[in-house]
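The values are calculated or read from the model by the stated rules, or taken from the named source; none is laboratory data. In this text, all values refer to a predicted model and were calculated from it rather than measured experimentally. FYI the Cβ positions are ideal-geometry reconstructions off the backbone, even for glycines, and counts take in every protein chain you see.
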Amino acid sequence: MTSAPQSPRSEPTDPKDRPARLTVGVVGAGRVGPALAASLQLAGHRPVAVSGVSDASVRRAATLLPDVPLVPPAEVLARAELVLLTVPDDILPGLVEGFVETGSIRPGQLLVHTSGRYGAKVLDPALRAGALPLALHPAMTFTGTAVDVQRLAGCSFGVTAPEELRLAAEALVIEMGGEPEWIAEEMRPLYHAALALGANHLVTLVAQAMDLLRDAGVTAPDRMLGPLLGAALDNALRSGDAALTGPVARGDAGTVAAHVAELREHAPQTVAGYLAMARATADRALAHGLLKPELAEDLLDVLATGAEESR
């Protein structure tokens, strides 16, 4: 059986001074896999194989894992003691079943997937074949460049694994510079939804805001939004709903109505999102005593009318 990785705290700090550790393979050279393998290499492990199909995948692998051979997925499993399955969520279950059916999985092999949606149970077919299943999801957005390796320092990982593998899973995360956060199997979908709500929707909101500022004549919307959004994010992380500001939290129904009218004229595709977020903001502001009930009625009427007109 493959020995579990030990916490780096008890070993020499320079990777080159450590004994040879696990051989690492990557199935799916998207934005995540090569970065994690490069981080494990810094911790003293040895990437030995990577698979990728697209030209972009090949370039990423060459950049982050130079001199590591590009081979078919089954060959990655044949060469590596620790295999990173960094493929899209919808592909993962079928990929695991395919590896089992073809006898590609070896007993004692550490099999790690990085899907936020799934816990360890998606690897049950591999577990029955003798593999050691770990779900290690980095709560980070990836670019596919070397900067990703740096961003892993201090990054939280959603960790799910059988109890007997918990220490091994947490040790791997620590070796990559991350912070392990244990997520129960049944909570993985909710955990992933929370991250998508925050990170993915944030990108959409920021992109829409920049488009609207350009339409309003702002020449450098990124420079205008940077300090504002940075402060808003910092305040929200520190204070939660108490950080809410703006016309919705103040109950300024007239301003919100003017916003809706302008958006409907200049960017109708943004109206539904604006109304939905304004309603969610109003509900939270009311619940936390920021929005006065006597002002909320007119505001909610404006939002309801806007929603009706958008149908």
* Hits in the range 236-279 (condition: part of a helix (DSSP H, G or I), under 28 Å from Pro293 (Cβ atoms) and among the polar types (S, T, N, Q)) -> Ser239, Thr255
* To do: Please state which one of Ala153, Ala169, Ala129, Ala139 is modelled with pLDDT of 95 or more and out of contact with any strand residue (DSSP E or B) (no Cβ under 6 Å at 6 or more places or on another chain).
  => Ala129
* Asked: What number of residues within the range 212-235 are touching a helix residue (DSSP H, G or I) at 6+ places or on another chain (Cβ under 8 Å), over 22 Å from Met140 (Cα atoms) and part of a helix (DSSP H, G or I)?
  -> 6
* Asked: Yes or no: Leu110 among the hydrophobic types (A, V, I, L, M, F, W, C), assigned by TED's automatic domain parsing to the domain that holds Arg60 and without any contact (Cβ under 8 Å) to a residue 40 or more places away in the chain?
  -> no
* Quick one: count up the residues across the range 114-147 that are surrounded by 16 or more Cβ atoms within 10 Å (Cβ to Cβ), farther than 16 Å from Glu81 by Cβ and under 16 Å from the mean Cα position of the chain (by Cα). => 13
* **Filter pass, Pro221 being over 29 Å from Gln269 (Cβ atoms) and at pLDDT 95 or above** => no
* Given the conditions (1) assigned by TED's automatic domain parsing to the domain that holds Gly289; (2) surrounded by fewer than 15 Cβ atoms within 10 Å (Cβ to Cβ), and given that Glu163 satisfies all but one, which numbered condition is not satisfied? -> (1)
* What are the residue pairs meeting all of these: first residue in the range 44-60, first residue more than 15 Å from Thr86 (Cα to Cα) and at pLDDT 90 or above, second residue assigned to a strand (DSSP E or B) and among the polar types (S, T, N, Q), Cβ atoms under 6 Å, and 6 or more apart or on different chains? -> Arg46/Thr23; Val48/Thr23
